[in-house]
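S.K.: Take a look at the following structure, please.
Laboratory data are not the source of any read-out in this text; all were calculated from the coordinates shown. What you see is a predicted model; the values in this text were computed from it and never measured. Quick reminder, even Gly has a Cβ in these numbers, built from the backbone with ideal geometry, and neighbours come from all protein chains shown.
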Amino acid sequence: MSIFEIMMLLCFGLAWPLSIYKSYKSRSTKGKSLLFLYVVLVGYVAGVLHKIFYHADGVIVFYIINLLMVITDTVLFYRNLWIEKKLLAG
């Protein structure tokens with residue numbers, strides 16, 4: 001288990017709750033990149049798979065927590081896109 005890997009995941013993880021909150025409250029996709037969200041998702045999935053297949057340790061918990069937060073932000077992106085389309089069709 002690497003303290004540096006844990007620190008990296010904690011630092012990245014601290015940004016997601018704020019991003020989720022802003023996505024939820026703004027009800028807008030402005031300032032969000034769906035491509036970025038998917039790239040980050042792939043990265044966290046790769047991290048989880050690495051931990052499962054090559055180096056199982058407790059750090060996987062941090063990967064999973066971050067992955068779940070990015071999934072939440074991605075779902076909110078689609079919710080906000082639906083809201084924007086609904087308002088335009090209004």
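S.K.: Towards the positive end of the charge dipole of segment 3-89, with charges on Cβ (+1 Lys, Arg; -1 Asp, Glu), say which of Trp82, Ala15, Val70 has the farthest Cα.
M.R.: The listed residue farthest towards the positive side: Trp82.
S.K.: Still on this structure, I have one more. For Glu5, project a label point 7 Å along Cα to C-beta. Then give me every residue of segment 26-46 with its amide nitrogen under 13 Å of that point.
M.R.: Under 13 Å, as judged by backbone N against the label point of Glu5, lie 46 of segment 26-46.
S.K.: In the Gaussian network model of the chain, springs joining C-alpha atoms below 10 Å, which of Phe53, Phe62, Phe77 carries the largest mean-square fluctuation?
M.R.: The residue that fluctuates most here is Phe53.
S.K.: In sequence order, what are the phi-derived ³J(HN,Hα) couplings for segment 61-74 according to the Karplus relation 6.51 cos²θ - 1.76 cosθ + 1.60 with θ = phi - 60°, rounded to whole Hz, with x for glycine and proline?
M.R.: So the J values, rounded to whole Hz, are 4, 5, 4, 5, 4, 5, 4, 5, 5, 5, 4, 4, 5, 5.
S.K.: Straight-line reach only, C-alpha to C-alpha below 20 angstrom: list the lysines that Lys30 could link to, leaving out same-chain residues fewer than 8 apart.
M.R.: Lys22, Lys85, Lys86
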